[in-house]
Amino acid sequence: MKDLFQKSKMNLIFGLLAALLLIGVFLLNGIAFLLSSRHSLHIDLTANAAYKIGEDTAAALTLLQEPVEVFVLSAEEAFGGSNYLNQAKRVLLEYPRHSDKVHLTFVDYASNPSFAVGFPDLALSHGDLIVRSGSRVKHIKMNNLFHYAYTSAGGLTIESSRAEEALTSAILNVTGDELPKIAVLTGNGVFESKLFTALLADNNYELATVNLATESLDGFDAALLLTPTIDLSENALRKLEGFLYNNGAYGKVLLYAAGVTQGAMPNLDAFLAEWGLAFQNGAVFETKAERTYQFQPYYPVADYVDGRYKSMLRDANMPFLMPLARPMGLLFTAKDGFYVETLLAFGQSSGVRPADAGEDFAPERAETTGPMPALALSGFYPAGLTVRSCIVAAASAGMLEPVALHNASLANSEYLLALFADLLGKDALITIQPKSLAGKTLGVTSAQVTRLGVLLAGVLPLLILGAGMAVWLLRRYK
């Protein structure tokens with residue numbers, strides 16, 4: 001009887017322990033579910049925290065005052081299938097965890113086509129994102145979540161993820177103030193930089209194409225004139241003058257980029273001369289390999305001269321690439337309300353190859369040598385006013401090529417965004433680097449390549465050989 005009682009007692013204890021264990025499991029699952037809805041329970045071991053949002057984005061989300069809806073046009077389980085899509089999904093899930101103002105919804109677009117009725121003006125596709133706050137809507141195409149590059153075989157491959165950059169920009173777009181408007185000037189054989197205009201649009205500038213021959217610049221805050229190869233007419237230049245004058249209110253910005261493909265343009269040259277800017281024919285080259293991109297002499301890097309914009313960079317050691325540049329000079333530094341300053345400059349070891357130079361041209365025969373301006377700012381401060389209109393003149397539109405803007409080792413995109421934000425009075429500037437899931441890449445300058453080559457192919461093998469010989473001699477004669 002006593003044994004039976006003891007056995008019943010033990011069964012009761014084990015039963016209570018089992019019940020407590022079961023209750024504990026349910027409680028742990030409930031706590032984990034609650035935590036997962038507010039915090040990520042994954043550990044990001046990538047070097048660049050590719051699966052998390054950055055500090056700038058997290059700070060911006062804490063300042064949201066109005067609710068923001070983010071719709072992903074895909075079933076949640078179907079949004080994936082590759083490393084970069086999985087990374088983008090993980091990044092999207094971070095947003096509602098950092099702000100209760102952000103509501104993320106996955107919409108099975110295939111089985112719910114009626115969803116598109118609410119957005120009749122948008123050409124929607126599977127995997128796209130829609131960001132909405134009140135009546136303001138921003139549409140993000142799925143392919144705009146990534147940066148692409150061509151492989152050696154000529155195919156396209158994903159180079160890096162810009163999911164955080166795209167979504168944060170869209171949220172700021174639909175919740176921010178009126179966007180600065182930039183006119184992309186067309187006609188006159190101008191250079192098209194779809195990459196640069198997309199970069200500006202992604203950073204909350206409103207862009208529109210304008211043909212100076214037929215359209216007005218009224219209502220725009222800035223204009224882009226990129227490497228025209230046909231001279232501007234006097235009527236077009238009068239429109240630019242009127243735009244910069246702005247009925248006496250000033251406050252306008254013109255970005256002008258030259259290029260080695262340009263011929264003689266007397267009208268445009270005369271206009272720029274009034275602002276203290278002059279361009280000569282020829283191409284800038286660099287004689288020091290360490291100041292070039294991949295040993296190409298006509299792909300030189302420029303030095304930071306102005307400390308203001310240099311200080312806005314997260315890493316001032318990152319070079320600025322200015323390839324295929326025309327030589328530029330400053331006619332004066334201050335005159336009749338105008339002032340001109342150099343922002344970036346080619347180094348002392350640079351030179352100019354004349355446009356009519358033959359194949360036997362030698363760098364030491366260059367008549368024009370550095371330092372010389374690579375990026376200059378010419379501003380007009382009218383008497384009694386604190387606002388200015390200005391022209392930013394670049395020696396080359398090559399600074400806007402993919403090799404310069406997409407390269408995470410170069411400062412081109414970050415520097416130009418900081419420059420535009422400052423000139424157009426954008427107080428808050430958030431710069432988000434693309435996230436690569438590949439291994440960290442080496443620097444791009446030729447000097448780094450040379451040093452690493454000498455170290456890995458010369459010094460290190462010699463050290464290993466010397467150590468081996470020392471060990472052999474020690475054992476041989478010990």
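The values are calculated or read from the model by the stated rules, or taken from the named source; none is laboratory data. Because the structure is predicted, anything quoted here is derived from the model rather than measured. Every residue, glycine among them, receives a Cβ derived from its backbone with ideal geometry; neighbour counts consider all protein chains shown. Keep in mind that these areas ignore ligands, DNA and RNA; they rest on the heavy atoms of the full protein, side chains included. Shrake-Rupley method; radii C 1.70, N 1.55, O 1.52, S 1.80 Å.
Scan the stretch 68-93 residue by residue and report those that are open to solvent by 50 Å² or more (accessible area, probe 1.4 Å) and of a type in the set (S, T, N, Q).
Asn83, Asn86
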Residues of the stretch 365-375 that turn out to be outside any strand (DSSP E or B) and either in contact with a helix residue (DSSP H, G or I) (Cβ under 8 Å, 6 or more places away or on another chain) or open to solvent by 60 Å² or more (accessible area, probe 1.4 Å) (or both), as a count: 4
Selection within the stretch 268-297 - polar (S, T, N, Q) and open to solvent by 60 Å² or more (accessible area, probe 1.4 Å): Gln280, Asn281, Thr287, Gln294, Gln296
Any hit, the stretch 246-253, residues being in a helix (DSSP H, G or I) and open to solvent by less than 10 Å² (accessible area, probe 1.4 Å): no
Number of the exception - Ser378 against (1) closer than 20 Å to Ala302 by Cα; (2) in a loop (DSSP other than H, G, I, E, B): (2)
Residues satisfying the stated conditions in the stretch 307-319, i.e. more than 20 Å from Ala397 (Cα to Cα) and either open to solvent by less than 70 Å² (accessible area, probe 1.4 Å) or of a type in the set (Ser, Thr, Tyr) (or both): Gly307, Ser311, Leu313, Asp315, Ala316
Matching residues, the stretch 94-108, being closer than 30 Å to Gln65 by Cβ and either open to solvent by 40 Å² or more (accessible area, probe 1.4 Å) or part of a strand (DSSP E or B) (or both): Arg97, His98, Asp100, Lys101, Val102, His103, Leu104, Thr105, Phe106
Only listed residue being of a type in the set (A, V, I, L, M), over 27 Å from His139 (Cβ atoms), touching a helix residue (DSSP H, G or I) at 6+ places or on another chain (Cβ under 8 Å) and at pLDDT below 90, chosen from Leu21, Leu41: Leu41
Selected residue [in contact with a Pro (Cβ under 6 Å, 6 or more places away or on another chain), touching a residue at least 12 places away in the same chain (Cβ under 8 Å) and within 25 Å of Glu401 (Cβ to Cβ)] from Ala302, Ala355, Ala325, Ala345: Ala345
Selection status of Phe420, in contact (Cβ under 8 Å) with a residue 24 or more places away in the chain and either in contact with a Lys or Arg (Cβ under 7 Å, 6 or more places away or on another chain) or among the aliphatic types (A, V, I, L, M) (or both): no
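Would it be correct to say that Gly176 is out of contact with any Asp or Glu (no Cβ under 8 Å at 6 or more places or on another chain) and on the phi > 0 side of the Ramachandran plot? It would help to see each step written out before you state the result.
Working: out of contact with any Asp or Glu (no Cβ under 8 Å at 6 or more places or on another chain): yes; on the phi > 0 side of the Ramachandran plot: no.
No; evaluated as a whole, the condition is false for this residue.
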Residues of the stretch 330-364 satisfying the condition of being of a type in the set (Gly, Ala, Ser), open to solvent by 20 Å² or more (accessible area, probe 1.4 Å) and touching a Phe, Trp or Tyr at 6+ places or on another chain (Cβ under 9 Å): Gly337
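Could you count how many residues in the stretch 399-413 are in a helix (DSSP H, G or I), open to solvent by 10 Å² or more (accessible area, probe 1.4 Å) and modelled with pLDDT of 90 or more?
Selection size over the stretch 399-413: 1.
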